[in-house]
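> Before anything else, here's the structure in question.
What follows is calculated from the coordinates using simple rules that are stated; it is not laboratory data. This one's a predicted model, so the numbers in the text were calculated from it and none came from an experiment. We place every Cβ from the backbone using ideal geometry, glycine too, and count neighbours over all the protein chains shown.
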Amino acid sequence: MTTDELDQLLLDRFNLHRSDLIAALKTLPAHRPWAATLTADEARLLDDAGFTEDPETYAEIAADITAHMARLYSSAYTAAEVREGLGVNDSRVRQRRLAHTLWAINDGGTWVYPAIQFEIVDRGHDKPLKLKQVRGLDEVLPALLARELHPTAVAGFLMTPQPELRIDGQPKSVREWLLHGESVEPVRDLIEIGEWAAT
């Protein structure tokens, strides 16, 4: 397979560029089987408890995380787009990133801002992009980002329906909940409980 074929497959199958895939792969921990060598007794104990080695499952999970990260990178806004979209200066974007009231991920030495934390206010044909952060996220993100979770876990928390966040009887994601104008308190409680991180 040539690099041109790879680039075309990534675009056709995932709507991703090779640079997005490379950035996503860099977020995965290195797979070093030798670093996790067990003694014969430890291996037998784990086997007896049903914890057998499953390279296929590891590969599926790694591929899933890589695809999610690549989507986060490919849809993220640059610092300049956030500055323009929010109508603030570079210093304010940097301050908010450092205070964790804006969520940024490192993309090879530059910071990009996942799109899921924003609403598009206006994107006229000849007008510049206008953004606003999802209401309440500036209160939620500091506690969430302090946990130093992988970006896919942060995205999962924001986008996965939570049984505790119900509107009209239906579980909603944190993003949907806050966009609907609901209270930030139940979201803070979810962060404190932290059970969602295991799902």
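> Pull out the extension gain between ASP122 and ASP189, defined as 0.36 nm times the separation in residues minus the alpha carbon to alpha carbon distance; nm, one decimal. Present the calculation step by step, with values, prior to reporting the outcome.
Values: separation 67, 0.36 × 67 = 24.12 nm, distance 3.25 nm.
Extending this stretch completely gives an extra 20.9 nm.
> Determine the gain in length on full extension of the stretch GLN8-GLU164; use 0.36 nm per residue of separation and subtract their C-alpha separation, reporting nm with one decimal.
Values: separation 156, 0.36 × 156 = 56.16 nm, distance 4.19 nm.
Computed gain between GLN8 and GLU164 is 52.0 nm.
> Label-point separation (nm) for HIS17 and ALA143, each offset 7 Å from Cα along Cα-to-Cβ?
3.7
> In what order do GLU139, GLU81 fall by count of nearby beta-carbon atoms within 10 Å, going from fewest to most?
Working: GLU139 14, GLU81 18.
Fewest-to-most Cβ neighbours within 10 Å comes out as GLU139, GLU81.
> Going by amide H atoms built from the backbone, whose H comes under 5 Å of the H on ASP107, apart from near neighbours?
VAL112
> Shape of segment 78-198 from its Cα gyration tensor (a ≥ b ≥ c, root eigenvalues): rounded if a/c is under 1.5, otherwise prolate when a/b > b/c, or oblate? Before the final figure, lay out the partial values.
Values: a/c = 2.15, a/b = 1.41, b/c = 1.53.
It comes out oblate by the Cα gyration axes.
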